[in-house]
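A.B. asks: First the structure, then my questions, so here it is.
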2 protein chains.
Amino acid sequence: MNKQDMRVLKTKSSLQQALLTLLKTIPLEKIKITEICREANINRGTFYLHYTTVEDVFHDFFQEVILDLQTSYDEPYKYTIPFEIAKINPKSIQIFHHIKRHQSFYEIVFSKNTNKSYYYMLFDQIRLNVGRDYKPNQISDVSKEYIVGYQANAIIGLVIVWYENGFNETPEEMSRKLHKIVRALHTIDSP
Amino acid sequence: MNKQDMRVLKTKSSLQQALLTLLKTIPLEKIKITEICREANINRGTFYLHYTTVEDVFHDFFQEVILDLQTSYDEPYKYTIPFEIAKINPKSIQIFHHIKRHQSFYEIVFSKNTNKSYYYMLFDQIRLNVGRDYKPNQISDVSKEYIVGYQANAIIGLVIVWYENGFNETPEEMSRKLHKIVRALHTIDSP
DNA sequence: CTTATTAATGAACAGATGTTCAATAACTAA
DNA sequence: TTAGTTATTGAACATCTGTTCATTAATAAG
């Protein structure tokens, strides 16, 4: 399975293209290996040479989406160093633009029928970035990883509600919400 | 399919018991319908009379777990009304005790290979309770559902990190962490 | 206890999965 | 261009899925 081999590249891209075609009419979890192979004109035995499940093929795509997420997240850093989410211009929170851009992918990510691997890929990437903003000893006796996990999944919670509402709000509106919540949690109700 | 019929009850409980037995050695997503039926001495055709997938059987169990979650969540309310998470005694945050009690279930819930339906059941239940603590106009221009989604999923974020660490910390320690984070987010960094 | 109802069974089916194999075709490096 | 490597193919296999059906057995209600 030489990755340079043109035959391998061709086979993989045929399968990926076939998956995209099928995804327009069939939900991911209902797509059979047999069906992808039929659509791609690839022998079923060949499929198992490269992938083991239909989701494996989807995984390849998702890598690119995650790359775009990182680019989006890096955006505001270009202008604000150090990064403090509570003080930044909400317009520069680009994650919601990224999600809206890949809406059809994220509908799969948040669908209750697909497994959690894509959710965790998203979670990990956001944790990476939230961790970058972390200031040591922010909260005494609570380790960084828990605070980061808390904050990263909170953002995803916002996105899940957005997803449940059919992604109706604009990305700008969502950025504003996040900005307001984070600011509020830092300012209201102080003793 | 009369739900009163003893035969139905017997069949269902046989299948449920068989699932529990198999779960001790095989992960949920690898358990085949054929295997449950073999273990339960139930005809495969009968299985389809009551369930459609292996996960359907698991679902029945999970209902009971969610019930226990609600009971745990209700605990502190008995003593503190109105409920304010930032001011409550961390010992009375019972959710982590609940999860530790059902650790083997939650290992399935958070496994990256199972689908998101159990995650969402947990999320919904926590949202229900976070929503109960909600004070109107907490954050202007951000609707309740988004704030609740944010906070509920944040708590789950904490649990995911706990899960990743093999549930090593005690429930008391986790309650303390949540308490500290919530308090900190309400008190530090105020202008 | 009897009877009408209905759940469970076993058998059968087409289709999908996961895997293996020798034969063939396509590719790379020389 | 050629020779050697290796990906792809098609065929075959056992197993699992999803569904249907007449037959049998268990149950609830009178």
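A.B. asks: Restricting attention to the range B:132-148, and to residues there that are closer than 24 Å to B:HIS97 by Cβ and open to solvent by less than 40 Å² (accessible area, probe 1.4 Å), which single residue is nearest to the other protein chains (Cβ to nearest Cβ)? Walk me through how you get there before you give the answer.
C.D. replies: Filtering the range B:132-148 for residues closer than 24 Å to B:HIS97 by Cβ gives B:132-134, B:148.
Pick out the ones that are also open to solvent by less than 40 Å² (accessible area, probe 1.4 Å) and you get B:133, B:148.
Working: B:ASP133: 12, B:VAL148: 8 Å.
Selected residue: B:VAL148.
A.B. asks: Of all the residues that make up the range B:1-29, how many are more than 9 Å from DNA strand C (Cβ to nearest atom) and either outside any loop (DSSP other than H, G, I, E, B) or among the small types (Gly, Ala, Ser) (or both)?
C.D. replies: The total comes to 12.
A.B. asks: While we're on this one: Please enumerate the residues belonging to the range A:37-64 that are touching a Lys or Arg at 6+ places or on another chain (Cβ under 9 Å), within 19 Å of A:ILE108 (Cα to Cα) and either modelled with pLDDT of 90 or more or surrounded by 19 or more Cβ atoms within 10 Å (Cβ to Cβ) (or both).
C.D. replies: Result: A:VAL54, A:VAL57.
A.B. asks: Another question, then. Going through B:ASN113, B:ASN129 one at a time, which residue ends up being farther than 16 Å from A:PHE123 by Cβ and either touching a Phe, Trp or Tyr at 6+ places or on another chain (Cβ under 6 Å) or facing another protein chain (nearest Cβ under 9 Å) (or both)? If you could, list the steps in order and put the result at the bottom.
C.D. replies: Values: B:ASN113 fails: farther than 16 Å from A:PHE123 by Cβ.
Just a single option satisfies the conditions, and that option is B:ASN129.
A.B. asks: Could you run through the range A:86-101 and say how many residues are charged (D, E, K, R) and either modelled with pLDDT of 75 or more or open to solvent by less than 40 Å² (accessible area, probe 1.4 Å) (or both)?
C.D. replies: Qualifying residue count for the region: 2.
A.B. asks: So, one more: Considering only the range B:41-53, state which residues are in a loop (DSSP other than H, G, I, E, B) and either within 10 Å of DNA strand C (Cβ to nearest atom) or away from every other protein chain (no Cβ under 14 Å) (or both). I'd like the intermediate steps shown before the answer.
C.D. replies: Filtering the range B:41-53 down to residues in a loop (DSSP other than H, G, I, E, B) leaves B:41-43, B:51-53.
Selection gives B:ASN41, B:ILE42, B:ASN43, B:TYR51.
A.B. asks: With respect to B:TYR119, determine if the residue is outside any loop (DSSP other than H, G, I, E, B), farther than 18 Å from B:TYR73 by Cβ and of a type outside the set (D, E, K, R).
C.D. replies: Values: outside any loop (DSSP other than H, G, I, E, B): yes; farther than 18 Å from B:TYR73 by Cβ: no; of a type outside the set (D, E, K, R): yes.
The answer is no for B:TYR119.
A quick yes/no check of all residues on (1) within 9 Å of DNA strand D (Cβ to nearest atom); (2) within 14 Å of chain B (Cβ to nearest Cβ); (3) more than 24 Å from the chain's Cα centre (by Cα):
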| residue | (1), (2), (3) |
| --- | --- |
| A:LEU9 | yes, no, yes |
| A:ALA18 | no, no, no |
| A:THR21 | no, no, no |
| A:LYS30 | no, yes, no |
| A:GLU39 | no, no, yes |
| A:GLU55 | no, yes, no |
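A.B. asks: Checking A:SER72 against (1) hydroxyl-bearing (Ser, Thr, Tyr); (2) modelled with pLDDT of 90 or more; (3) outside any loop (DSSP other than H, G, I, E, B): exactly one of these is not met. Which one?
C.D. replies: (2) is the only condition that A:SER72 fails.
A.B. asks: Moving on. Kindly evaluate A:LEU15 against the criterion of being within 27 Å of B:THR114 (Cβ to Cβ) and not assigned by TED's automatic domain parsing to the domain that holds A:SER111. So that I can check it myself, show each step before the final result.
C.D. replies: Working: within 27 Å of B:THR114 (Cβ to Cβ): yes; not assigned by TED's automatic domain parsing to the domain that holds A:SER111: yes.
So A:LEU15 fits the description; yes.
A.B. asks: Separate question: Is at least one residue of the range A:92-106 under 29 Å from B:THR114 (Cβ atoms) and either outside any helix (DSSP H, G or I) or not assigned by TED's automatic domain parsing to the domain that holds A:THR71 (or both)?
C.D. replies: Of the residues in the range A:92-106, the ones under 29 Å from B:THR114 (Cβ atoms) are A:95-96, A:98-106.
Among the residues that remain, those that are also either outside any helix (DSSP H, G or I) or not assigned by TED's automatic domain parsing to the domain that holds A:THR71 (or both) are: A:102.
Yes, the range A:92-106 contains a residue that is under 29 Å from B:THR114 (Cβ atoms) and either outside any helix (DSSP H, G or I) or not assigned by TED's automatic domain parsing to the domain that holds A:THR71 (or both).
A.B. asks: Only one residue in A:SER175, A:SER104 is among the small types (Gly, Ala, Ser) and open to solvent by 10 Å² or more (accessible area, probe 1.4 Å), so which one is that?
C.D. replies: Working: A:SER175 fails: open to solvent by 10 Å² or more (accessible area, probe 1.4 Å).
Just a single option satisfies the conditions, and that option is A:SER104.
A.B. asks: In the range B:156-172, which residue that is open to solvent by less than 10 Å² (accessible area, probe 1.4 Å) and more than 7 Å from chain A (Cβ to nearest Cβ) is nearest to B:TYR118 (Cα to Cα)?
C.D. replies: Across the range B:156-172, the extreme among qualifying residues is B:VAL159.
The values are calculated or read from the model by the stated rules, or taken from the named source; none is laboratory data. None of these values were measured; they are calculated from a predicted model. No Cβ is skipped: glycine too gets one built from the backbone with ideal geometry, and neighbour counts run over all protein chains shown. In case anyone asks, the SASA skips ligands and DNA or RNA and just uses the protein heavy atoms, side chains included. Shrake-Rupley method; radii C 1.70, N 1.55, O 1.52, S 1.80 Å.
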